[in-house]
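**Student:** The following block contains the structure, expressed as structure tokens.
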Amino acid sequence: MIPAQFDYVAPSTVEEAVVALTEAGEDAKVLAGGQSLLPVLRMRLADPQVIVDLGRIAALRGVREDGDSLVIGAMTTHHDVQRDPLVQQHAKLIALATRTVADPQVRHRGTFGGSLAHADPAGDLPAPALVLDAEMVVAGPSGRRTVPAAEFFVDYFTTALQPGELLVEVRMPKWTGWRAHYEKFNRVAQAWSIVGVAAAVQVSDGTIAQARVGLTNMGPTPIRATGVEQALVGQPATAEAIRAAAQHATEGTSPASDASADVEYREHLAEVLTGRAVLAAAGG
């Protein structure tokens, strides 16, 4: 299908983008990598009057250090995030999860911030962002503000972004030395996660000292598996102990039944994949 007619704006600064979004109001859509927006436009599931393309704003791309924080520009592609040495050193979980996003073609065009702002429950990046205490820096008509990941994801495809606002960068503490793994289950290669698990742990002398676990597609937003985390701390990093802790994975979740899986199957996957993710993380 052919998209409906729209006006196209390509600002060169964040300020210009905010002005364009503010003037267009609810009739505007932001174009980042376009990997989610363009299919929606072609199927006419969205009919914006204005498209604001962020591709010319160089300030929104790149990865840098800022003291004890790692900063990832919202327009940094998945490919660049995955390969960036700072991300691999200080936020290994992000690099591992990004590696599972779609296919190389999508990763070369899709953007880190675009994926987070899209807020698809089956997307692979929100759960790692939640696990790593990421903060979303948002620019809007009233200036900039920072929103913790735990407050940024509000509902299905819904974030804390207000009209006229856009995500400009993602900041997170440095998780240097933490072991990590992202485990996902999907029906075919390159598909969305039916269930995914993001795990980061610190292991000392064979014992799990700290643990952080997040779940993908076990509710309308990413979920911290706090029951699993509490059950892991102080336990030996063995398959038996980890499997026992993984039995808490479904606590506080609200998975949906759809064409891909029913509730019971997703709950089973959450326990199995949590055990696999934590065991893989603990092992290196």
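The values are calculated or read from the model by the stated rules, or taken from the named source; none is laboratory data. Remember, predicted model here, so these are calculated numbers, not experimental data. Positions of Cβ are backbone-derived with ideal geometry, glycine not excepted, and every protein chain shown enters the neighbour counts. What goes into the accessible areas is simple: the full protein's heavy atoms, side chains included, and nothing from ligands, DNA or RNA. Shrake-Rupley method; radii C 1.70, N 1.55, O 1.52, S 1.80 Å.
**Student:** How far apart, in nanometres, would the label points at Asp205 and Ser142 be if each is projected 7 angstrom from Cα along the Cα-to-Cβ direction?
**Tutor:** 5.1 nm
**Student:** Note down the net charge around Ser115, summing +1 for each Lys or Arg and -1 for each Asp or Glu among other residues with Cβ under 15 Å from its Cβ.
**Tutor:** Once all neighbours under 15 Å are counted, the net charge is 0.
**Student:** Further question: Spin-label point model (7 Å from Cα, Cβ direction): what's the Gln247 to Asp7 distance in nm?
**Tutor:** It is 6.1 nm.
**Student:** Excluding residues on the same chain fewer than 8 positions from Lys174, give the lysines whose Cα lies under 23 Å from its Cα.
**Tutor:** Hits, sequence-local ones excluded: Lys92.
**Student:** If you count, for each residue, the other Cβ atoms within 10 Å and average over each peptide, how do 219-225, 193-199 line up from highest to lowest?
**Tutor:** 193-199, 219-225
**Student:** Arrange the peptides 71-81, 175-185 so that the one whose residues have, on average, the most other Cβ atoms within 10 Å appears first.
**Tutor:** Going by the mean number of other Cβ atoms within 10 Å, highest first, we get 71-81, 175-185.
**Student:** For the stretch 155-199, with every protein chain kept in place, what is the accessible area per residue (1.4 Å probe, Å²)?
**Tutor:** With the other protein chains kept in place, the stretch 155-199 gives 46 Å² per residue.
**Student:** Starting with the highest mean, order 90-101, 124-135 by the number of other Cβ atoms within 10 Å, averaged over the residues of each peptide.
**Tutor:** Ranked from most to least packed, the peptides come out as 124-135, 90-101.
**Student:** Under a Cβ-only charge scheme (Lys and Arg +1, Asp and Glu -1), can you give me the dipole magnitude of the stretch 75-114 about the Cα centre, in debye to the nearest 20?
**Tutor:** 60 debye
**Student:** Still on this structure: So what is the 222 nm mean residue ellipticity for the chain from helices alone, if each DSSP H run of at least 4 adds -39500 (n - 2.57) and you divide by all residues, rounding to the nearest 500 deg cm²/dmol?
**Tutor:** Rounded to the nearest 500, the figure is -9000 deg cm²/dmol.
**Student:** How far, in degrees from 0 to 90, does helix 14-24 lean away from the longest principal axis of the Cα atoms of the chain, to the nearest 10?
**Tutor:** Relative to the chain, helix 14-24 is tipped by roughly 70 degrees.
**Student:** Under a point spin-label approximation (7 Å from Cα along Cα-to-Cβ), what is the Gln162-Thr238 distance to one decimal in nm?
**Tutor:** It is 5.4 nm.
**Student:** For the chain, with only Lys/Arg (+1) and Asp/Glu (-1) charged at the beta-carbon, what is the dipole magnitude about the Cα centre, in debye rounded to 20?
**Tutor:** I would put it at about 740 debye.
**Student:** Here is a follow-up. Whenever you get a sec, compute what percent of the accessible area on the chain sits on carbon and sulfur atoms (1.4 Å probe).
**Tutor:** Result for the chain: 48 percent of the exposed heavy-atom area is carbon or sulfur.
**Student:** Rounded if a/c is under 1.5, else prolate if a/b is larger than b/c, else oblate: which is the stretch 134-284, with a ≥ b ≥ c the root eigenvalues of its Cα gyration tensor?
**Tutor:** Since a/c reaches 1.5 but b/c is at least a/b, the shape of the stretch 134-284 is classed as oblate.
**Student:** Right, next: Match the structure shown to one of the listed values [x] 31, 21, 19; [y] 33, 21, 15; [z] 43, 30, 17 of semi-axes √(5λ) of the Cα gyration tensor in Å, computed from it, and give that label.
**Tutor:** Checking each listed value against the structure points to [y].
**Student:** Could you state the accessible area per residue of the stretch 1-116 in Å², with a 1.4 Å probe and every protein chain left in place?
**Tutor:** Heavy-atom accessible area per residue stands at 52 Å².
**Student:** Specify the inter-centroid distance of the stretch 113-140 and the stretch 53-96, based on alpha-carbon positions, in whole Å.
**Tutor:** About 13 Å separates the Cα centre of the stretch 113-140 from the one of the stretch 53-96.
**Student:** Which of the listed residues, Ala198, Pro236, Gly284, is farthest toward the dipole's positive end in the stretch 189-284, when Lys, Arg count +1 and Asp, Glu count -1 at the beta-carbon?
**Tutor:** Final value for the positive-end residue is Gly284.
**Student:** Treat every Asp and Glu Cβ in the stretch 68-167 as -1 and every Lys and Arg Cβ as +1, leave all other atoms uncharged, and give the resulting dipole magnitude about the Cα centre to the nearest 20 debye.
**Tutor:** 260 debye
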